[in-house]
Amino acid sequence: MALTRRQFLRRTGIATAGGLFAPSLFGNPFLQRALAQTIGDRYFVSVFLDGGNDGLGTIIPYDNGGGSLRTDYELARRSDAGGLRLAAGPGSGSTEGLDQAMPLTPFFDPNTGAQLGFHPGLQAFRDLYDAGHLAVIQGCGYPHANLSHDISTSIWETGDPLHNLASTAGWAGRHLAAEYSPTDIPGVTIGSRVAGELEQAGTSILAITRLNRFGFPLDAEYSSDNAAKLNAFDALYTEAANSGIPMREFIGNSGIATALAAESYPQLHNTYRNDRPAFDALYDDASAGGRTSMSRDLREVAKVIYGVAQGVANVNARFFQVRNGGYDTHSNQGGGQTNGRHYSLHREVAVALQMFFDDLADMAQGQSDGRQDLPEKVCVLVWSEFSRRVIQNDNGTDHGTQGPMFLIGHGVNGGVVGNHPNIAPVVIDANKGNTVYSQAAADPFRSTDLRDVYGTVLKHWMNVPQATVQAMLPLDPIADPANYWTAADFDLPLF
Amino acid sequence: MGDQNSPLSADEARHLLRRTGFGAKQRDVAKILDRGETRGQAADRLLGFKPSGFRPRNNSLYLVHNKWFKFMTRTKLELQEKLVLFWHDHFATSNDVVGNAQWMANQNRTLRLHGKGDFRVMMHAINRDPAMMDFLDTVRNRRSEPNENYSRELKELFCLGVFDLDGQPTYTQEDIVQTARAFTGWRVDKKGQAYLSESQHDRGTGNPGDPYPERGPKVIFKDNPAFGSAGYDYGAAAGTNYAAEIDEVMNAIWAHQDSAGRNTVAHWIAYRLITFFSDPEPSNAYVEAMVANSGFDTTFVVADLLRAIFVDDQFYAALTDPTKLSVKWPVDFVVSTLRVLEMKLKSRYQYIDGGSYDTVQDTLSNMGQLLLEPPSVFGWDWEGSWINSSTLLARYGFVRDAMSARGNGKTAFRPERLFAFAESPSADPDIVVDAVTALLGVSNSFAVGSGNRDALIHYLTDGLGGTLDFSDFETRDKKLRGVVMLVTQSPAYMLH
């Protein structure tokens with residue numbers, strides 16, 4: 001690998017940064033290796049709602065059906081000033097009600113039969129749902145919920161609530177480490193930190209805030225010396241990568257992958273901007289709900305996918321993560337107010353994802369190369385580290401337990417999977433005020449374990465064999481389905 | 001085996017200076033050796049500072065940031081600044097939420113004043129710190145619906161940790177709920193002083209005007225060995241002196257015992273300080289020994305704990321065991337590089353003269369450490385989490401800019417001031433490598449026979465037909481700047 005990389009640098013260090021590479025590089029083992037065996041020509045995007053998204057303010061009971069969800073909801077969420085209750089109707093003035101985002105085909109909680117609605121900030125999700133491209137996965141959680149942001153985030157990232165595994169790699173990262181080598185680059189996090197769900201030490205994940213600022217900083221004063229500098233840089237990092245000392249190896253491999261990617265990735269920005277000016281502008285269009293960090297981050301993902309799908313050399317990422325913060329709504333959460341915090345968070349994410357899929361559909365239009373059928377090849381999983389307290393506080397919500405996830409893509413089975421958690425006052429703990437995790441088959445409110453969702457994605461989207469998935473996401477060793485996760489086939493009807 | 005009476009070797013002196021300050025200048029290492037300082041003497045000298053400096057009064061965050069940064073690059077109280085960084089991470093508060101530069105500056109001053117003192121005094125101040133009260137919603141904590149945000153982090157991050165050294169939980173959700181009641185009604189007045197608004201305070205069962213009898217007595221730590229199954233009724237302890245409730249909560253926290261009967265706060269803070277100054281993954285025995293050697297579990301004096309850490313053999317283990325090395329924080333990387341190369345940044349915007357004109361605030365942000373705006377209440381992720389493609393490119397870019405800064409002023413990088421090489425037509429690459437790696441404190445990673453050294457030796461004549469002509473200005477300037485750039489970008493220099 002070192003020799004290959006050295007040749008690569010020699011070739012590219014002298015070439016103008018951002019230029020395309022000679023076709024001969026396609027024979028490079030680096031490239032062959034990076035064409036994934038399992039995910040094939042598909043892509044996976046993880047969207048993290050950082051801070052704990054209020055599930056009860058996201059998918060909201062519209063009526064009671066055969067149970068009491070709406071009644072219980074109204075007990076927990078007040079309607080006065082500071083109240084977070086969404087009206088089961090049109091709303092009034094600048095406060096919208098559930099009618100504002102009601103799907104054409106109403107959807108119902110499988111357990112209670114209660115009709116459910118999207119928070120009105122999620123009108124774009126409603127549209128994706130109506131088109132059959134969005135699945136709502138209800139009641140997602142894990143045994144013995146931890147209400148620390150830090151701990152719960154790492155549990156969602158690793159998919160390992162009870163530390164059944166020795167590894168602390170991310171749940172998707174474990175798959176990547178098994179499939180790719182240290183200097184492959186199968187994934188990109190948009191941001192300045194590598195996403196926990198992709199993190200591991202076996203292969204390289206890029207952290208890129210913006211592609212156009214991702215170039216290697218060469219010395220302009222003595223440009224004739226750049227080749228010599230890159231050669232030495234390569235030797236220093238290769239030495240570290242082979243040092244046998246874990247942190248040095250990590251830094252060595254990270255630097256090597258960075259130098260490689262800094263040559264191949266920045267061009268994706270220009271290519272996209274030149275080829276796709278209309279969509280480039282759409283993500284920036286505030287009147288359409290763009291010009292947000294989410295829309296701009298997803299545009300970076302779109303740029304990379306646009307390059308990968310066309311076989312641009314040394315660009316092979318198929319796993320992505322985008323993070324959107326601000327969900328820790330202890331105060332001033334806002335219910336249906338269009339200028340409220342939760343409303344704008346919802347709108348930002350939903351609109352950006354709709355733009356992203358419109359962009360992918362347009363990229364695929366009339367193409368017969370890797371761009372063909374792109375909307376069917378991309379799947380997005382939206383998650384948060386926990387939900388929020390059933391009973392609101394003054395004008396916000398404290399930390400809670402189970403909440404909904406979303407799976408989006410034209411290859412996804414749209415609909416509702418899993419049960420709404422039980423929010424009746426008699427079952428939520430008076431002190432903790434949270435919903436209860438349960439796997440008991442007889443429990444009509446049976447929860448969805450996050451590992452079942454991850455396992456289904458690994459098995460059905462990344463084509464990982466059942467036995468391998470089982471090893472990556474072991475069942476809890478305690479035979480108590482009320483409190484633990486003890487049975488799974490990773491066949492949630494999501495694909 | 002050494003102890004506080006062991007004289008410091010050159011390697012040990014360099015290690016001590018680097019971990020307690022920003023880089024190790026060769027003359028500072030020489031001073032320690034000339035004086036024949038022992039570990040204990042050096043630790044006492046480093047810890048003996050009188051807290052001072054830096055009292056920004058400004059409403060603009062970048063000016064507060066830049067003044068702080070400038071202070072770090074010039075101060076003689078390097079350990080004080082290291083401690084301020086540590087506590088800023090520990091009590092991570094973001095102006096992104098607070099939006100008040102003066103409050104952020106005041107908090108920084110609080111960390112400066114109490115950084116090496118009694119931890120209990122620092123917590124007393126933090127509980128009443130306006131920036132913190134705003135950041136974690138104390139100012140929005142009212143009796144009708146107590147807000148748990150501060151109550152949780154007080155335990156999880158500031159004092160106890162979620163889990164103790166043996167992985168056992170240290171508190172329950174009920175403890176959080178009950179503690180939140182103590183902080184109901186605390187507000188900040190117009191002068192920036194904390195006070196208790198009793199009309200917003202949850203007075204507790206049995207007291208006059210308590211509308212929430214169902215919440216029961218204000219009892220915490222019911223299952224903690226320090227208090228028995230009855231727990232600690234901080235409400236009863238404070239009585240009708242409601243403002244004293246938060247201090248009674250703290251009294252319970254100071255007495256809290258972990259699953260092995262250790263003082264939880266002392267071991268949590270010791271664990272954190274050891275991971276910062278000494279060992280990224282300390283054993284339980286290491287943490288226990290430092291607490292025992294310093295009496296930190298009874299005095300809570302941070303300086304005593306640090307002295308115990310700095311005189312112990314395990315502090316110097318990284319010199320022989322590379323797994324104990326630590327990734328330099330971005331601030332450390334930038335400040336120590338500037339200090340060792342004797343450079344300053346330009347103007348109140350603090351940018352590198354002649355570089356990409358990024359302000360140092362942008363540079364640090366790109367490296368993943370925007371001071372005064374930590375990513376969350378958890379502060380920054382350390383060690384390997386500092387390293388990724390994005391942050392590495394930012395480090396490389398800073399180095400490239402710094403090495404390219406030209407001119408005669410102090411904002412320039414002037415290799416001729418740092419190195420006195422003969423202007424010989426056939427300079428010796430080995431001498432150059434020795435001088436550069438010694439200046440940057442990484443000689444051990446570039447020893448004779450190592451691949452690292454070979455790479456630099458090769459680089460020095462690469463493209464020059466095998467000779468290093470230092471009588472030619474361009475060659476000298478190009479290759480000297482180049483080799484300093486390479487060493488500063490190297491994996492070895494990322495660690496210390």
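The values are calculated or read from the model by the stated rules, or taken from the named source; none is laboratory data. Model, not experiment: these values are computed from the prediction. Virtual Cβ from ideal backbone geometry, glycine too; neighbours counted across all protein chains shown.
In the stretch A:1-80, counting only helices (runs of 4 or more DSSP H) that sit wholly within it, the ones holding 3 or more residues that are at pLDDT 95 or above and under 30 Å from A:D398 (Cα atoms) span A:69-76.
The condition (being within 15 Å of B:R19 (Cβ to Cβ), away from every other protein chain (no Cβ under 14 Å) and either in contact (Cβ under 8 Å) with a residue 40 or more places away in the chain or of a type outside the set (A, V, I, L, M, F, W, C) (or both)) is satisfied by just one residue among B:F300, B:F333, B:F276: B:F276.
So in the stretch A:384-418, with the set limited to residues that are away from chain B (no Cβ under 11 Å), surrounded by fewer than 24 Cβ atoms within 10 Å (Cβ to Cβ) and not small (G, A, S), which one is farthest from A:P110 (Cα to Cα)? For the stretch A:384-418, the residue satisfying everything is A:H410.
In summary, A:G326 fulfils each of the numbered conditions (1) at pLDDT below 95; (2) small (G, A, S); (3) more than 19 Å from the chain's Cα centre (by Cα) with the single exception of condition (3). From the list A:V427, A:V390, A:V469, the one residue that fits, being of a type in the set (V, I, T), farther than 23 Å from A:L353 by Cβ and part of a helix (DSSP H, G or I), is A:V469.
Note on the stretch A:191-203: residues that are in contact with a Phe, Trp or Tyr (Cβ under 8 Å, 6 or more places away or on another chain) and either within 13 Å of B:L392 (Cα to Cα) or among the charged types (D, E, K, R) (or both) amount to 1.
The set of residues in the stretch A:426-480 that are out of contact with any strand residue (DSSP E or B) (no Cβ under 6 Å at 6 or more places or on another chain) and of a type in the set (S, T, N, Q) comprises A:N431, A:N434, A:T435, A:S438, A:Q439, A:T456, A:N463, A:Q466, A:T468, A:Q470. Within the stretch B:1-40, the residues that satisfy the criterion of being surrounded by fewer than 18 Cβ atoms within 10 Å (Cβ to Cβ) and either small (G, A, S) or without any contact (Cβ under 8 Å) to a residue 24 or more places away in the chain (or both) are B:G2, B:S6, B:S9, B:A10, B:R27, B:D28, B:A30, B:K31, B:D34, B:R35, B:G36, B:G40. Listed by first and then second residue, the pairs linking a residue in the stretch A:207-230 that is more than 7 Å from every other protein chain (Cβ to nearest Cβ) to a residue that is modelled with pLDDT under 90 and in a loop (DSSP other than H, G, I, E, B), with Cβ atoms under 6 Å apart and 6 or more places separating them unless they lie on different chains, are A:G215/A:A17; A:N226/A:L218. Is the stretch A:358-379 home to any residue that is in contact (Cβ under 8 Å) with a residue 60 or more places away in the chain, more than 14 Å from chain B (Cβ to nearest Cβ) and hydroxyl-bearing (S, T, Y)? No, there is no match, as no residue in the stretch A:358-379 is in contact (Cβ under 8 Å) with a residue 60 or more places away in the chain, more than 14 Å from chain B (Cβ to nearest Cβ) and hydroxyl-bearing (S, T, Y). Residue count for the stretch B:428-445 satisfying the condition of being exposed (fewer than 15 other Cβ atoms within 10 Å of the Cβ) and over 18 Å from A:G252 (Cβ atoms): 3. Is there a residue being modelled with pLDDT of 95 or more, in a helix (DSSP H, G or I) and either of a type in the set (F, W, Y) or surrounded by 23 or more Cβ atoms within 10 Å (Cβ to Cβ) (or both) anywhere in the stretch A:134-155? The answer is no; no qualifying residue exists.
Just to be sure before I move on: is A:N324 within 12 Å of chain B (Cβ to nearest Cβ), touching a Ser or Thr at 6+ places or on another chain (Cβ under 8 Å) and buried (at least 20 other Cβ atoms within 10 Å of the Cβ) in the structure I sent? So A:N324 fails the test. When we screen B:P374, B:P425 for residues that are under 28 Å from A:R248 (Cβ atoms), more than 11 Å from chain A (Cβ to nearest Cβ), modelled with pLDDT of 90 or more and not in a helix (DSSP H, G or I), the only hit is B:P374.
The combined condition, being in a loop (DSSP other than H, G, I, E, B) and free of Cβ contacts under 8 Å to residues at least 60 places away in the same chain, is not fulfilled by B:Y349.
Of the residues making up the stretch B:177-197, those that are more than 8 Å from every other protein chain (Cβ to nearest Cβ) and either under 30 Å from B:A260 (Cα atoms) or touching an Asp or Glu at 6+ places or on another chain (Cβ under 7 Å) (or both) are B:Q178, B:T179, B:A180, B:R181, B:A182, B:F183, B:T184, B:G185, B:Y195.
When every residue of the stretch B:143-159 is checked against the conditions, none turns out to be more than 20 Å from the chain's Cα centre (by Cα) and more than 14 Å from every other protein chain (Cβ to nearest Cβ).
Filtered by the rule that a residue be within 26 Å of A:G311 (Cβ to Cβ), more than 19 Å from the chain's Cα centre (by Cα) and of a type in the set (K, R), the stretch A:359-407 gives a lone residue, A:R371. Could you tell me which residue of the stretch B:377-386 is farthest from the other protein chains (Cβ to nearest Cβ), considering only residues that are over 22 Å from A:Y327 (Cα atoms) and surrounded by fewer than 23 Cβ atoms within 10 Å (Cβ to Cβ)? Ranking the candidates gives B:W382 first.
In this structure, A:I245 does not qualify as modelled with pLDDT of 90 or more and either away from chain B (no Cβ under 11 Å) or crowded, with 23+ Cβ neighbours inside 10 Å (or both). For the stretch B:446-457, the criterion of being modelled with pLDDT of 95 or more, under 28 Å from B:D11 (Cβ atoms), surrounded by fewer than 20 Cβ atoms within 10 Å (Cβ to Cβ) and among the polar types (S, T, N, Q) is satisfied by at least one residue.
Would you check if there is a residue in the stretch A:362-370 being at pLDDT 95 or above, part of a loop (DSSP other than H, G, I, E, B) and closer than 13 Å to A:G55 by Cα? No, the conditions are met nowhere in the stretch A:362-370. Of all the criteria given as (1) free of Cβ contacts under 8 Å to residues at least 40 places away in the same chain; (2) on the phi < 0 side of the Ramachandran plot; (3) not β-branched (V, I, T), the one not satisfied by B:S404 is (1).
Tallying residues that are hydroxyl-bearing (S, T, Y) and in a helix (DSSP H, G or I) within the stretch B:72-110 yields 2. Restricted to the stretch B:179-296, the set of helices (runs of 4 or more DSSP H) holding at least 3 residues that are modelled with pLDDT of 95 or more and under 30 Å from the mean Cα position of the chain (by Cα) comprises B:245-255, B:264-277, B:284-294.
Cβ-Cβ under 6 Å, sequence separation 6+ or interchain: first residue in the stretch B:141-152 and closer than 9 Å to B:D202 by Cβ, partner among the acidic types (D, E) and surrounded by fewer than 24 Cβ atoms within 10 Å (Cβ to Cβ). Which pairs? Listed pairs, sorted by first residue: B:R142/A:D394. Summed over the stretch B:120-142, the residues that are buried (at least 21 other Cβ atoms within 10 Å of the Cβ) and away from chain A (no Cβ under 14 Å) give a count of 8.
Being within 14 Å of chain B (Cβ to nearest Cβ) and at positive phi is the requirement here; does A:H149 meet it? It is false that A:H149 is within 14 Å of chain B (Cβ to nearest Cβ) and at positive phi.
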